[in-house]
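One structure is given here, and the rest of the page talks about it.
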Amino acid sequence: LGTTAEWLRLTQQGVNPKKSLCFSLEPAGQRRAAAVQLGGESFPFQREFRVLGIGIRMTAAVSTGPLLQKRLAKGRVLLSRLHGVQGSSRRKAFVTASLILAAGAYGVEVAPVSPQDLRGLDAAIMREVWGTTRPGRAQEIVFCVLHPGHLMLASMRRTYLQLCWLARAARTAGPLQVAVQARWEHDSLPPPQGPVGRAPQTLHLLGWLRA
């Protein structure tokens, strides 16, 4: 901050706090952030900011951010209107995969989201696509045999997109490939931050091991 302040003085530029942000992973971070100033201006404290339409959480706790909560709620609202789709359950499954989850679950593969929120959306999808009166409603059968669960079930779609991203990164030479390989070869379980941390952690949770 001292170097930046000196640069502002030499160039006679001002400070625009709205284009900056301050964050902390500590519980008392917001109180300490109030003391961080540049040119007499305080930085706005943020717990989440948007990048490419995805809410990046700046907290240590793994929880669903407000932006993603709004998206998941929107997805449940759209699912409640699925009964208006004409045709069989396959048509409803197609609409769910191509339209509803594209809007209601965008970013779940890279942004932090609680398992409870994903399970709630999964239950709504099961209820609206398959119904509640027909017997044999085992979710594993419905979404692994009868319908493409990796495209239309929020939790399975999240895993599928993470694995697709990981495969593409591993096959493309460059610094990202090196970062993914280093994260995978690390002895401990990768921290669930960002794609490089979340995708390898998904592999660990699925039981994949290094060769």
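The values are calculated or read from the model by the stated rules, or taken from the named source; none is laboratory data. For clarity, every value in this text was computed on a predicted model and none was experimentally measured. We place every Cβ from the backbone using ideal geometry, glycine too, and count neighbours over all the protein chains shown. In case anyone asks, the SASA skips ligands and DNA or RNA and just uses the protein heavy atoms, side chains included. Shrake-Rupley method; radii C 1.70, N 1.55, O 1.52, S 1.80 Å.
Of everything in segment 120-179 that's open to solvent by less than 90 Å² (accessible area, probe 1.4 Å) and of a type in the set (K, R), which residue is nearest to the chain's Cα centre (by Cα)?
Looking at the filtered set, the residue picked out is R158.
Tell me yes or no: at least one residue of segment 74-87 is closer than 17 Å to M156 by Cβ, surrounded by 18 or more Cβ atoms within 10 Å (Cβ to Cβ) and at pLDDT 85 or above.
Within segment 74-87, the subset closer than 17 Å to M156 by Cβ is 75, 79.
Adding the requirement that they be surrounded by 18 or more Cβ atoms within 10 Å (Cβ to Cβ) leaves 75, 79.
Among the residues that remain, those that are also at pLDDT 85 or above are: 75, 79.
Yes; the residues of segment 74-87 include at least one that is closer than 17 Å to M156 by Cβ, surrounded by 18 or more Cβ atoms within 10 Å (Cβ to Cβ) and at pLDDT 85 or above.
Is there any pair with a first residue in segment 143-159 that is of a type in the set (V, I, T) and a second that is open to solvent by 40 Å² or more (accessible area, probe 1.4 Å) whose Cβ atoms are under 8 Å apart and which are 6 or more apart or on different chains, and what are they?
If the second residue must be open to solvent by 40 Å² or more (accessible area, probe 1.4 Å), the pairs left are T159/H150; T159/L206.
Would you be able to tell me the number of residues in segment 3-23 that are open to solvent by less than 70 Å² (accessible area, probe 1.4 Å), modelled with pLDDT under 75 and either in a helix (DSSP H, G or I) or in contact with a helix residue (DSSP H, G or I) (Cβ under 6 Å, 6 or more places away or on another chain) (or both)?
5
Going residue by residue through segment 90-109, is there one that turns out to be in contact with a Ser or Thr (Cβ under 9 Å, 6 or more places away or on another chain) and either closer than 20 Å to R198 by Cβ or not small (G, A, S) (or both)? Show your work before the answer.
Kept after step one, since they are in contact with a Ser or Thr (Cβ under 9 Å, 6 or more places away or on another chain), are these residues of segment 90-109: 108-109.
Still in the list and also either closer than 20 Å to R198 by Cβ or not small (G, A, S) (or both): 108-109.
The answer is yes; a qualifying residue exists.
In segment 24-58, which residues are assigned to a loop (DSSP other than H, G, I, E, B), open to solvent by less than 40 Å² (accessible area, probe 1.4 Å) and at pLDDT below 70? Spell out how you get there, then give the answer.
Going residue by residue through segment 24-58, those that are assigned to a loop (DSSP other than H, G, I, E, B) are 24-28, 34-36, 39-40, 43-44, 46-47, 52-53, 58.
In the following step, the residues that additionally are open to solvent by less than 40 Å² (accessible area, probe 1.4 Å) were identified as 24, 28, 43, 53, 58.
Selection gives S24, A28, M58.
From the residues in segment 88-102 that are of a type in the set (S, T, N, Q) and in a helix (DSSP H, G or I), which one is least open to solvent (accessible area, probe 1.4 Å)?
To start, the set of residues in segment 88-102 that are of a type in the set (S, T, N, Q) comprises 88-89, 96, 98.
Within this subset, residues satisfying the condition of being in a helix (DSSP H, G or I) are 89, 96, 98.
On the way: S89: 27, T96: 0, S98: 51 Å².
That would be T96.
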